[in-house]
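One structure is given here, and the rest of the page talks about it.
The values are calculated or read from the model by the stated rules, or taken from the named source; none is laboratory data. These figures come from a predicted structure and were not determined experimentally. In this analysis, Cβ positions are derived from the backbone assuming ideal geometry, glycine residues included, and neighbour counts consider all displayed protein chains.
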Amino acid sequence: MDIVTPDPARLAPAGSQRVSRRVSRRGTVEPFHVMEVLKAAAARAASHGDVVSLCAGQPSTPAPRVALDAVQRALRTEVLGYTEAVGTLGIRRAIAEHYDRSYGLTVDPDAVAVTTGSSAAFTALFLAAFELGDTVAMSRPGYPAYRNTLTALGCRVLELDCGLQERYQPTVAMLDALPEPPAGLILASPANPTGTIIESTELEAISRWCEAHGTLLVSDEIYHGISYGRPCASAWETSREAVVVGSLSKFWSMTGWRVGWLLLPEALRRPVELLVGNLNICPPAVSQVAGIAALSPAARPELEAHVERYAVNRDLLLERLPEIGVARMAPPDGAFYLYCDVSHLTDDSTRWCREVLDATGVAVTPGVDFAPAVPGGDPTLDGRAFMRLCFAGTTQDVATAMDRLAAFG
Ligand SMILES: Cc1ncc(COP(=O)(O)O)c(C=O)c1O
């Protein structure tokens, strides 16, 4: 197992040419490369009209019907002005009830902070919990915004190389091997880009390790609800010292509505409330109305039908990817991603994905966002040899994409 310490902040060095008086070093953070793919795919769609997108990490369906109905009513009858900084009591209660129904957990609505997507939750939490220079660990491959946001906020990111043999998830053994405990550890289960789920026993062991070592466990559970025959355990089932991150974006099919949340231990509640009040004032009022309805049991059948379709798409990809020689991958346990080793096809996945888009109209995401090359890092994890497929679209789109990829060779 290699522990990779990236260049302190992957930011331009002070005084470098890229930094002017008007741009701080924090502003030179890494791009989110998938946005470049989306841009290229939009240009291809405009010029050729033939794009099949397996790149954007989002459902292809609208918010549940009951949420849309609730919004239509609210538009006629409510002011929809600012709300409490951490969301209305109504949505915090709806989230607490969801934990009771789905996990048998009693959650105090005061422990819930509703945010503008989970992205805003991460910013507020990192500010509330970590000092400048604190070390926060995450997996490599992992979700790039953790690394880039932490870096911009002046934290040191410690990437734990997590290979196929660990199903791309950190272990207690990796934590034990660290020279000193980090201030924080971020887990994502199911994960982006791999869709792997951390075993509930390993999650429990990691949360105990974090408690014993004073490490704040941040459990990103935004893909819960989307899994294929395996349960998703919540960190709050074993440790109330952990922070749980949730979102309506994925299972609830509401990416653009921007509703996420934190379940917070007592000490972090007031700091997060003060921070989100200053940073965002409040999450969007109309989306909170939609969220209350989406969280109700009435929305479940529609949402579960989406998961059934993702399962069909997943199986189709697992069956057909060997046609293009893709064999090294961890079948995803959840989310809607497949992260595949394409080292037999390229050592520059950004260029290769661009060639695939130009030749076939199929948009896929290079692995560089999730596992940038780092000095001393495990070369077999280098994202330049990986691609991520998102299978949240229609089954027809997934089949068409595979036909075209097979013809491309
Ligand atoms: C693992 C993970 N966490 C957090 C987010 C942010 O999601 P949102 O801000 O829409 O809740 C994403 C988005 O793709 C993600 O994949």
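Summary of computed values
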read-out: Meets criteria (among the aliphatic types (A, V, I, L, M), in contact with a helix residue (DSSP H, G or I) (Cβ under 7 Å, 6 or more places away or on another chain) and surrounded by 24 or more Cβ atoms within 10 Å (Cβ to Cβ)) for M387; value: yes
read-out: Residues within the range 136-169 that are within 15 Å of D369 (Cα to Cα), part of a loop (DSSP other than H, G, I, E, B) and in contact with a helix residue (DSSP H, G or I) (Cβ under 7 Å, 6 or more places away or on another chain), tallied; value: 1
read-out: Any chance L216 is in the same structural domain as A294 (by TED's automatic domain parsing), within 19 Å of S119 (Cβ to Cβ) and either surrounded by fewer than 20 Cβ atoms within 10 Å (Cβ to Cβ) or within 15 Å of the ligand (Cβ to nearest atom) (or both); value: no
read-out: Test: residue in the range 332-353 that is assigned to a helix (DSSP H, G or I), surrounded by fewer than 17 Cβ atoms within 10 Å (Cβ to Cβ) and at pLDDT below 95; value: yes
read-out: Per-region count, the range 109-142, residues within 14 Å of the ligand (Cβ to nearest atom) and within 11 Å of G246 (Cα to Cα); value: 8
read-out: Any chance E36 is among the acidic types (D, E) and in a loop (DSSP other than H, G, I, E, B); value: no
read-out: Some residue of the range 68-85 being within 22 Å of D397 (Cβ to Cβ), surrounded by fewer than 16 Cβ atoms within 10 Å (Cβ to Cβ) and either among the aromatic types (F, W, Y) or under 22 Å from the mean Cα position of the chain (by Cα) (or both); value: no
read-out: Residue check, R314 at pLDDT below 95, under 26 Å from R140 (Cα atoms) and basic (K, R); value: no
read-out: Residue that is nearest to the chain's Cα centre (by Cα) [pool: residues in the range 252-285 that are away from the ligand (no atom under 14 Å from the Cβ), under 21 Å from W236 (Cβ atoms) and not charged (D, E, K, R)]; value: L263
read-out: In the range 27-53, residue nearest to A373 (Cα to Cα) [restricted to those that are hydroxyl-bearing (S, T, Y) and out of contact with any helix residue (DSSP H, G or I) (no Cβ under 6 Å at 6 or more places or on another chain)]; value: T28
read-out: Some residue of the range 366-374 being more than 25 Å from I198 (Cα to Cα), in a loop (DSSP other than H, G, I, E, B) and in contact (Cβ under 8 Å) with a residue 24 or more places away in the chain; value: no
read-out: Verdict on A371 being surrounded by fewer than 19 Cβ atoms within 10 Å (Cβ to Cβ) and outside the structural domain of H98 (by TED's automatic domain parsing); value: no
read-out: Residue list for the range 377-409, filter: under 23 Å from the mean Cα position of the chain (by Cα) and outside any helix (DSSP H, G or I); value: G377, D378, D382, F386, M387, R388, L389, C390, F391, A392, G393, T394
read-out: Number of the exception - P331 against (1) within 16 Å of V34 (Cα to Cα); (2) away from the ligand (no atom under 16 Å from the Cβ); value: (1)
read-out: Check on G142, under 22 Å from G117 (Cα atoms) and of a type outside the set (D, E); value: yes
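One line per residue, one yes/no per condition, for (1) within 16 Å of the ligand (Cβ to nearest atom); (2) within 20 Å of the chain's Cα centre (by Cα):
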position	(1), (2)
V157	yes, yes
E166	no, yes
V172	no, no
T201	no, no
H224	yes, yes
P231	no, yes
